[in-house]
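Input: a single structure, listed below in structure tokens.
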Amino acid sequence: MAAICCSQLNLTTAAATTTTTTFVSSPKSHTNLRFNPSTFALPSSSSYSKSAAAAAAEPQPLFSSVRTFAPATVANLGPGFDFLGCAVDGIGDYVNLQIDPNVHPGEISISHISGAGSKLSKNPLWNCAGIAAIAVMKMLSIRSVGLSLSLEKGLPLGSGLGSSAASAAAAAVAVNELFGSPLSKSDLVIAGLESESKVSGYHADNIAPSIMGGFILIRSYDPLELMPLKFPSENNLFFVLVNPEFEAPTKKMRAALPTEITMSHHVWNSSQAGALVASVLQGDLIGFGKALSSDKIVEPRRAPLIPGMDAVKKAAIAAGAFGCTISGAGPTAVAVTDSEEKGRVIGERMVEAFMKEGNLKALTMVKQLDRVGARLVSSVPI
């Protein structure tokens, strides 16, 4: 198994034929991050926050091993392409990370991958969990211990549920927790973006909600500015997720997008995105579902690539869903409702439509909003 040194890794390298390469800091215009002042105040003048800078003196590990979880995410939410996303509870990826005396100090190896990730590489340079873990190790200047990581994939690849982001989020949080959590969530988002940019492009609408939980609006990418959107806790919100047996790679689905749009479509999608944000903040499920279903730019290009998707959306609405769209790049379809019981019925109709119109088997699940994000599950003190 390959072990990669965080201080010697070139994160901008497309491939690695040996276990270590020379690290070269890449000039990035996307490394500044700040939160909306109404919720968080974080610096925007350095490549990562002061909490990361404070960790430049290598911290000592507090645990010999940790186990972390990061939730699945629904990106875009209809009209919010690349700038809106949310986390969903109960499904995601787990990472087990431990200090390993068999791994050279300052290096990390991936020892095992289970679940839906059998196709994934164990080379940290080629694995989204490995890239994110290395980014955090670099922020913390880890050189005194070697680490070993195992990944449990609870999310299928190419599902539209933020599979790569969940792995990256769980790994980033695991490294941070092992050393006493010196980094903020904003630093961990930047580390996760190192991974996402290599795997599916520089977009934060999966990695940010997976790490932070809840609904997240990406206000800006340069500098990166994130705005958490608080959905009222007293309101019920259930996501009906229907995943067909069909893989839709993010890069392929992005290639289907238009390079130009009309002004009328721009105005329409902007108004729907605004309505969606307002509905989230007000806890207005009817308005939320209506806006979710109203994308005129991305969904019309991607839906024909997912067999039966148009019929699935119609079936969800007919069964009582407030709205339905493609989750991320697909092929998972997501509908919203206000009760688990209704969600089960809606899901059954959507599964039937996938089979009838797309000749695809599908699985359905009903999940709530994950308000916490990636977190420590268990730890073993040194």
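For (1) more than 30 Å from Met227 (Cα to Cα); (2) touching a Phe, Trp or Tyr at 6+ places or on another chain (Cβ under 7 Å); (3) open to solvent by 10 Å² or more (accessible area, probe 1.4 Å), each residue gets a yes or a no:
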position: Pro105; (1), (2), (3): yes, no, yes
position: Ser109; (1), (2), (3): yes, no, no
position: Gly115; (1), (2), (3): yes, no, yes
position: Val136; (1), (2), (3): no, no, no
position: Leu140; (1), (2), (3): no, yes, no
position: Ser144; (1), (2), (3): yes, no, yes
position: Ser148; (1), (2), (3): yes, no, no
position: Leu155; (1), (2), (3): no, no, no
position: Ala165; (1), (2), (3): no, no, no
What pairs come out if I take residues in the stretch 356-375 that are under 16 Å from Ile211 (Cα atoms) and pair them with residues that are in a loop (DSSP other than H, G, I, E, B) whose C-beta lies under 7 Å away, six or more apart or interchain?
Leu369/Gly214; Leu369/Phe231; Leu369/Leu237; Asp370/Gly213; Arg371/Gly213; Arg371/Gly214; Val372/Gly213; Gly373/Gly213
Hey, could you check the stretch 349-382 for residues that are of a type in the set (Val, Ile, Thr) and touching a strand residue (DSSP E or B) at 6+ places or on another chain (Cβ under 6 Å) and say which is farthest from Val336 (Cα to Cα)?
Ile382
Matching residues in the stretch 292-308 - criterion: being part of a helix (DSSP H, G or I), in contact with a strand residue (DSSP E or B) (Cβ under 7 Å, 6 or more places away or on another chain) and not basic (Lys, Arg):
Leu292, Glu299, Ala303
Taking helices (runs of 4 or more DSSP H) that fall entirely within the stretch 159-265, which contain at least 3 residues that are in the same structural domain as Asn123 (by the TED database)?
163-178, 185-199, 207-212
Among the candidates Ala353, Ala333, Ala315, residue that is under 23 Å from Gly85 (Cβ atoms) and modelled with pLDDT of 95 or more
Ala333
Is there a residue in the stretch 270-288 that is acidic (Asp, Glu), over 17 Å from the mean Cα position of the chain (by Cα) and modelled with pLDDT of 95 or more?
yes
Which one is least open to solvent (accessible area, probe 1.4 Å) among residues in the stretch 313-324 that are of a type in the set (A, V, I, L, M) and assigned to a loop (DSSP other than H, G, I, E, B)?
Ala321
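Being modelled with pLDDT of 95 or more, under 19 Å from Ala374 (Cα atoms), outside any strand (DSSP E or B) and in contact with an Asp or Glu (Cβ under 7 Å, 6 or more places away or on another chain) is the requirement here; does Ile142 meet it? Before you say what the answer is, go through the steps one by one.
Details: modelled with pLDDT of 95 or more: yes; under 19 Å from Ala374 (Cα atoms): no; outside any strand (DSSP E or B): yes; in contact with an Asp or Glu (Cβ under 7 Å, 6 or more places away or on another chain): yes.
No, not satisfied.
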Can you pull out the residues in the stretch 222-274 that are open to solvent by less than 70 Å² (accessible area, probe 1.4 Å) and of a type in the set (Gly, Ala, Ser)?
Ala248, Ala256, Ser270, Ser271, Ala273, Gly274
Residues of the stretch 325-345 being under 30 Å from Gly201 (Cβ atoms), assigned to a loop (DSSP other than H, G, I, E, B) and among the polar types (S, T, N, Q), in sequence order, are Ser327, Thr332
Among (1) assigned to a strand (DSSP E or B); (2) open to solvent by 40 Å² or more (accessible area, probe 1.4 Å), the one test that Glu348 misses
(1)
When you look at Gly162, is it on the phi > 0 side of the Ramachandran plot and within 17 Å of the chain's Cα centre (by Cα), yes or no?
yes
Give me the pairs: first residue in the stretch 255-273 and touching a residue at least 60 places away in the same chain (Cβ under 8 Å), second residue open to solvent by less than 70 Å² (accessible area, probe 1.4 Å) and polar (S, T, N, Q), beta-carbon distance under 7 Å, and six or more apart or on different chains, which are they?
Gln272/Ser294
Being closer than 19 Å to Ala374 by Cα and open to solvent by 10 Å² or more (accessible area, probe 1.4 Å) is the filter here; which residues of the stretch 189-202 pass it?
Ile190, Glu194
From Glu348, Glu341, grab the single residue that is over 20 Å from Leu161 (Cα atoms) and free of Cβ contacts under 8 Å to residues at least 60 places away in the same chain.
Glu341
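The values are calculated or read from the model by the stated rules, or taken from the named source; none is laboratory data. Computed from a predicted structure; not experimentally measured. Using ideal geometry, Cβ is built from the backbone for each residue, glycine included, and neighbour counts are taken over all protein chains shown. Note: accessible area is taken over every heavy atom of the protein model, side chains too, but ligands, DNA and RNA are not part of it. Shrake-Rupley method; radii C 1.70, N 1.55, O 1.52, S 1.80 Å.
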